[in-house]
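Peer 1: Just passing along the structure, written as structure tokens.
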Amino acid sequence: MTNLLIFFADIRTIESTKGLVSVDYQSGGTGVYFTDGGLVEFTWSKGDYESLFSMVLADGSDLKLNPGKTMMCIVRNTYQSSLEITDDSAE
């Protein structure tokens, strides 16, 4: 795959369900975009469940994805501080 997007969001387990979760799309959050061996941090927003994601860089410009296959992951924001990026290319 060419692109990997990780969206950090407030995710809560819905009480009395077997593992179903609720994602808070309206609050938006931060994210990390991996492509071509590098990464870019961004902020994202989304009006509601049916709206498109908006991804913006620190300078206010829109995040532009490289052509190719893209995987998107939504991760509980409490895990953001646990994200560890290593460079195995030196091995």
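Every read-out reported here was derived from the displayed coordinates using simple, explicitly stated rules and does not represent laboratory data. All figures in this text were calculated on a predicted structure; none of them were measured in a lab. FYI the Cβ positions are ideal-geometry reconstructions off the backbone, even for glycines, and counts take in every protein chain you see.
Peer 1: Lysines near residue 18 by alpha-carbon distance under 23 Å, same-chain residues fewer than 8 away left out - which ones?
Peer 2: List returned: none.
Peer 1: I want the local charge near residue 9. Using Cβ-Cβ distances under 12 Å, sum +1 for each Lys or Arg and -1 for each Asp or Glu among the other residues.
Peer 2: Spelling it out: positives minus negatives among the neighbours equals +1.
Peer 1: If you don't mind, there's one more thing I want to ask. When DSSP assigns beta bridges and you keep just the ones with both residues in the range 3-78, what percent turn out antiparallel, to the nearest 5? List each step's numbers first, then the result.
Peer 2: Working: 19 of 26 bridges.
Around 75 percent antiparallel, to the nearest 5.
Peer 1: Here's something else I'd like to know. If I take all pairs of Cα atoms in the chain, what percentage of them are more than 16 Å from each other?
Peer 2: Across the chain, Cα pairs with separations above 16 Å total 60 percent.
Peer 1: Contour minus end-to-end for residue 62 and residue 45, with contour as 0.36 nm per residue of separation and end-to-end as the Cα-Cα distance? If you can, show how the numbers build up before the last one.
Peer 2: Working: separation 17, 0.36 × 17 = 6.12 nm, distance 1.17 nm.
That pair, residue 62 and residue 45, stretches by 4.9 nm at full extension.
Peer 1: At most 10 other Cβ atoms within 10 Å and a DSSP loop assignment: could you name the chymotrypsin sites (Phe, Trp or Tyr not before Pro) in the range 19-71 that fit?
Peer 2: Hits after loop and neighbour filter: 49.
Peer 1: Something else now. All other residues with a Cβ under 12 Å from the Cβ of residue 43 taken together, and with Lys, Arg as +1 and Asp, Glu as -1, what is their net charge?
Peer 2: -2
Peer 1: Starting from the range 1-62, pick out the GluC sites (Glu not before Pro) whose DSSP state is loop and whose Cβ has at most 11 other Cβ atoms within 10 Å.
Peer 2: Passing both the DSSP loop test and the Cβ count: 15, 50.
Peer 1: Enumerate the lysines that residue 46 could reach by cross-link, defined here as Cα to Cα under 19 Å, with residues fewer than 8 away along the same chain left out.
Peer 2: Answer for residue 46, where 19 Å is the Cα cut-off: 64, listed by chain and number.
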